[in-house]
Amino acid sequence: MLWIFLFSVSLLAGLYYNTLQIRRENHLLRLFAVSDDSDMKIVPPSGTVTAVEDDGEKAAREFVAQKENGNIDKAYNLGNRIADVFFEENGLISASCEAALRPVVLLQRKVLFAFTADAVLGEELPSVLAETVSQQFSVRIQKADPDLYDKVNDPKTLSYYLLYTKKGRPQPADMGKAFARLCAEEKEEGLCALGECLYREYAGACKKMIEETKFC
């Protein structure tokens, strides 16, 4: 039965990775499409709004509205700020735990942080702002460390967290289990506890940065 589980995990991971890539590519296309607001015609010349509006048009209208009120610039700044914390991440919980400094655990801390940041952004912000922040966060990682970027976006790795979140928003205890499993020590209670604490720490830090950004 192990092959069935592995096949399911791989399938889920592939679907998530493809969805993530499509979302980011579509977001970039929308950014490009509205980069010059003066050429964009949202309302027809007759002055009547089109009755039927596709998802791309809705996203473009929302982007323009968020850009005009200053939220897009704030989103880029937030993405940069989250990236700074990602690279410098070494909270009190991590620093006080010897196991957290082992190489395999150090990498999984980065994976957990990236997953947590994306989850919190999706919960706390409108989609256009969440995608803008996430895109800027990803761009910073890719430019600074392409290898690390590939590792934190590895669909097989992310699938472990997705298996625990498919029924709803992430739960700290489940994130701790996935973290320990990725560290190859699923039954290690200390790593489960560490993963749970790190998730709480990362989620709290991301929520605080969102609040401090003061979106309109």
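The values are calculated or read from the model by the stated rules, or taken from the named source; none is laboratory data. Because the structure is predicted, anything quoted here is derived from the model rather than measured. Cβ atoms come from the backbone with ideal geometry, glycine included; neighbour counts cover every protein chain shown. The accessibility values were calculated without ligands, DNA or RNA, using every heavy atom of the protein model including side chains. Shrake-Rupley method; radii C 1.70, N 1.55, O 1.52, S 1.80 Å.
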task: Please work out if Asn80 is within 23 Å of the chain's Cα centre (by Cα), surrounded by 19 or more Cβ atoms within 10 Å (Cβ to Cβ), at pLDDT 85 or above and under 20 Å from Gly122 (Cα atoms).
output: no
- request: Report, by residue number, each residue of region 105-134 that is open to solvent by 30 Å² or more (accessible area, probe 1.4 Å), of a type outside the set (Asp, Glu) and assigned to a helix (DSSP H, G or I).
  value: Leu106, Leu107, Lys110, Gly122, Ser127
message: Condition (residue is part of a helix (DSSP H, G or I), modelled with pLDDT under 95 and closer than 20 Å to Ile82 by Cα) applied to region 176-192: is it met by at least one residue?
response: no
- prompt: When residues of region 199-216 are filtered for being more than 16 Å from the chain's Cα centre (by Cα) and assigned to a helix (DSSP H, G or I), how many remain?
  reply: 3
- line: Subset of region 135-153, residues open to solvent by 50 Å² or more (accessible area, probe 1.4 Å) and either in contact with a Ser or Thr (Cβ under 9 Å, 6 or more places away or on another chain) or without any contact (Cβ under 8 Å) to a residue 40 or more places away in the chain (or both), comes to Gln142, Lys143, Asp145, Pro146, Asp147, Asp150, Lys151
